[in-house]
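Coordinate-derived values only; no laboratory data. Bear in mind that the values here come from a model prediction, so they are computed numbers and not experimental data. So basically every Cβ, Gly included, is an ideal-geometry build from the backbone, and we count neighbours across all protein chains shown.
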Amino acid sequence: MATINLTLDTFEQTVMGDGITFVDFWAEWCGPCKMFGPIFEKASDANPDIRFAKVDTEAEQQLGGSLGIQSIPTIMAFRDGVLLFSQPGALPAASFDQLIDAIRNVDMEDVRKQIAEDEAANNQQ
């Protein structure tokens, strides 16, 4: 599956959907971004059941700012609209493959239960 280019207008709709979405925040001038780009593209081709999206932080400064992106590349992973992973820095291919497997294996029922418990605890404070 080809990667999707996200903008401020399409970001939320894309990551809040069902399934898994990986987002690569990058810029043309960023050396580590250029090294990670082919790894991200290869993973996209190898995992057609997952959405892979890119955000050009130069073109989408408002989006990057609203998400607190301070270093690029930054990789985010969403599943069923829940942010499960966010980390700056390029990943080697093997590490990115491990991350993909880890996100795939997350027990989303448990995650939703934890979110509900945290919200309930915050509402009592």
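Projected over every direction and averaged, the convex hull enclosing the alpha-carbon atoms of region 1-73 yields 4.6 nm². In summary, the lysines within cross-link reach of K54, defined as a Cα separation below 17 angstrom excluding same-chain residues under 8 places away, comprise K34, K42.
When the charge dipole of region 13-125 is built from unit charges on Cβ atoms (+1 for Lys and Arg, -1 for Asp and Glu) and taken about the Cα centre, the candidate among I100, S71, Q114 whose Cα reaches farthest toward its positive end is S71. Note on Q125 and A94: the extension gain reaches 6.9 nm, defined as 0.36 nm multiplied by sequence separation minus the Cα-Cα distance.
Note on the chain: GNM, Cα springs under 10 Å; of A90, A102, A43, the largest mean-square fluctuation is that of A102. The simple spin-label model puts a point 7 Å past each Cα toward its Cβ; for E41 and T7 those points are separated by 2.3 nm.
Taking every alpha-carbon pair in region 64-112 and binning the separations at 10 Å intervals from zero gives 22, 50, 27, 1 percent. The magnitude of the dipole of the chain, with charges of +1 and -1 set on the Cβ of Lys/Arg and Asp/Glu and taken from the Cα centre, is near 260 debye. Taking each DSSP H run with n ≥ 4 as -39500 (n - 2.57) and averaging over every residue of the chain yields -14500 deg cm²/dmol at 222 nm. Calculated on C-alpha atoms, the gyration radius of region 4-124 divided by its Kirkwood radius gives an Rg/Rh of 0.99.
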